[in-house]
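K.L.:
Encoded as structure tokens, here's the structure I'll be asking about.
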Amino acid sequence: MQPNKTKLALQIGAVVLGALCASNSYADTFTATVTTIDDVQITERVPLTFGNNVFTTAGTCTLPVTADTGAAGPGGVLMRYDRSDTQATPGTSFQVLSGTSCVTGGTGVTAGVWDITGIAGGTVSILLTTVAQSDPNFTYAPTGCYVSYSGDTADNGDSCDALTPGNVVSTPIALAALSEDDSTGGGAGSGVAVGGSLSFAVGGTITVGAGGLVAETPYDLAFQVDVTY
């Protein structure tokens with residue numbers, strides 16, 4: 001599934017300057033320069049899927065993705081940022097299904113990971129939004145995290161912070177990889193930043209209503225992500 005995106009709109013206004021006096025008037029032509037920047041793009045790297053684990057009966061099923069300070073954080077390796085502490089690897093409950101309407105643990109489960117590309121060091125705003133599903137018998141509430149780069153080589157300065165519906169966050173796109181790596185090289189297996197890119201991961205909770213679902217039927221999950229400069 002490809003989330004929606006909002007692209008940069010560049011607007012240039014004209015300023016008119018005039019001067020009048022009793023004896024004369026003056027007019028001239030002025031020039032200005034504008035340098036364009038790379039438009040933002042969103043590319044799916046890992047598809048979001050609950051696998052064949054959701055029951056048809058009413059209840060909830062959660063695919064946990066949280067900030068890396070929690071047990072369901074995806075870690076620096078997957079999210080491409082450098083850590084020398086335990087946040088380099090996924091938390092113990094990352095991608096482990098739970099709830100009354102799915103197989104506990106589950107197999108074939110992956111959190112969705114998308115990469116935002118744009119101008120290195122440029123700040124983007126990210127908005128995750130819950131939308132109505134095509135089938136009224138279930139709802140889907142996405143949650144996740146986005147990479148926040150420090151823009152320097154401070155040890156453990158980068159992190160994957162909470163991404164929640166309705167909350168606009170602002171974060172810089174990564175500089176060149178060596179400009180974002182820890183000054184001490186990070187821990188074994190730490191992720192490596194990609195210049196001009198940052199990643200976000202999404203999981204969330206499916207709530208099956210009283211009407212239930214149809215067995216052996218695929219269902220699409222819809223949500224919206226707006227990314228702007």
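K.L.:
Filter region 199-229 down to the residues that are free of Cβ contacts under 8 Å to residues at least 24 places away in the same chain and over 22 Å from SER98 (Cβ atoms), then identify the one that is surrounded by the fewest Cβ atoms within 10 Å (Cβ to Cβ).
P.N.:
Selected residue: GLU216.
K.L.:
Within region 149-195, which residues are in contact with a Leu (Cβ under 9 Å, 6 or more places away or on another chain) and more than 21 Å from GLU44 (Cβ to Cβ)?
P.N.:
GLY151, ASP152, THR153, GLY166, ASN167, VAL168, PRO172
K.L.:
Counting only residues that are closer than 22 Å to LEU127 by Cβ and part of a loop (DSSP other than H, G, I, E, B), how many does region 186-229 have?
P.N.:
Selection size over region 186-229: 5.
K.L.:
Here is a further query. I'd like the residue in region 53-79 that is farther than 18 Å from THR205 by Cβ and surrounded by fewer than 24 Cβ atoms within 10 Å (Cβ to Cβ) and, out of all such residues, is modelled with the lowest pLDDT. Write out each step before concluding.
P.N.:
Keep residues of region 53-79 that are farther than 18 Å from THR205 by Cβ, which gives 68-69, 75-79.
Filter once more, so that each one left must be surrounded by fewer than 24 Cβ atoms within 10 Å (Cβ to Cβ): 69, 75, 77-78.
Details: THR69: 90, GLY75: 94, VAL77: 93, LEU78: 96.
Within region 53-79, the match that is modelled with the lowest pLDDT is THR69.
K.L.:
For the subset of region 125-147 comprising residues that are among the hydrophobic types (A, V, I, L, M, F, W, C) and out of contact with any helix residue (DSSP H, G or I) (no Cβ under 9 Å at 6 or more places or on another chain), which member is surrounded by the most Cβ atoms within 10 Å (Cβ to Cβ)?
P.N.:
Within region 125-147, the subset among the hydrophobic types (A, V, I, L, M, F, W, C) is 126-128, 131-132, 138, 141, 145, 147.
Then drop every residue that is not out of contact with any helix residue (DSSP H, G or I) (no Cβ under 9 Å at 6 or more places or on another chain), which leaves 126-128, 131-132, 138, 141.
Details: ILE126: 21, LEU127: 16, LEU128: 23, VAL131: 14, ALA132: 9, PHE138: 21, ALA141: 14.
Per the stated criteria, the residue is LEU128.
The values are calculated or read from the model by the stated rules, or taken from the named source; none is laboratory data. The shown structure was predicted, so the numbers you read here are calculated from the model rather than taken from an experiment. Cβ: placed from backbone, ideal geometry, glycine included. Neighbour counts: every protein chain shown.
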